[in-house]
Amino acid sequence: MNTRRIKKPALLLTIMAFMAVASLPALAADTGKLIIKATGFKDDSGHALFAVVNSPEAYDDIGEKAMAKSRENIKAGKAESEFTLPYGWYAVSVVHDQNNNDKLDTNFLGIPKEPYGFSNNPKSMGKPSYDEAKFKLDAGQKVIEVTVE
């Protein structure tokens, strides 16, 4: 009788483990690797700040409401960052944080004093709209290029 009690929990654990492993490919299929290659840095001072958002609301305050961020070294005028994200729509900003204070410095009018760039490299006066910067991540890997100016 003791043997049956041991076998039932063991069988239950085996089934649970199989179900967990079987669901891993489905979970992995719903995410992709986003590789952001930033170019155009005038020098290698400071760091490159990368931020990824997934909504117009988060885009309005991209630094505070980013779903993913990183701080990367700049080498030969280039920097790169990678994120694993669920499939969906995103927008990216990259800032050349020249003085290493982990933010985009602006003047008293709110005009940026440090170089920056957005996904899709839109050419607009001021900050482009979310619609101009958004792109779809719907594959195992997507590479985007952002020019920092």
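At a glance:
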| read-out | value |
| --- | --- |
| Antiparallel DSSP beta bridges within region 31-147, as percent of all bridges there, nearest 5 | 80 |
| Projected area, mean over directions - region 43-112, Cα convex hull, nm² | 5.3 |
| Cut-off 12 Å, label 7 Å out along Cα→Cβ of LYS136, residues of region 57-92 by amide N | 88-90 |
| Simple spin-label estimate for LYS69 and VAL143 in nanometres, 7 Å along Cα-Cβ | 2.8 |
| Which of LEU34, LEU104 has the fewest Cβ neighbours within 10 Å, and the rest in rising order | LEU104, LEU34 |
| Under 5 Å, built H, 5+ apart or other chain: amide partners of GLY32 | LEU85, TYR87 |
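No lab work stands behind these numbers, since they all come straight from the coordinates. Not measured: the values here are computed from a predicted model. So basically every Cβ, Gly included, is an ideal-geometry build from the backbone, and we count neighbours across all protein chains shown.
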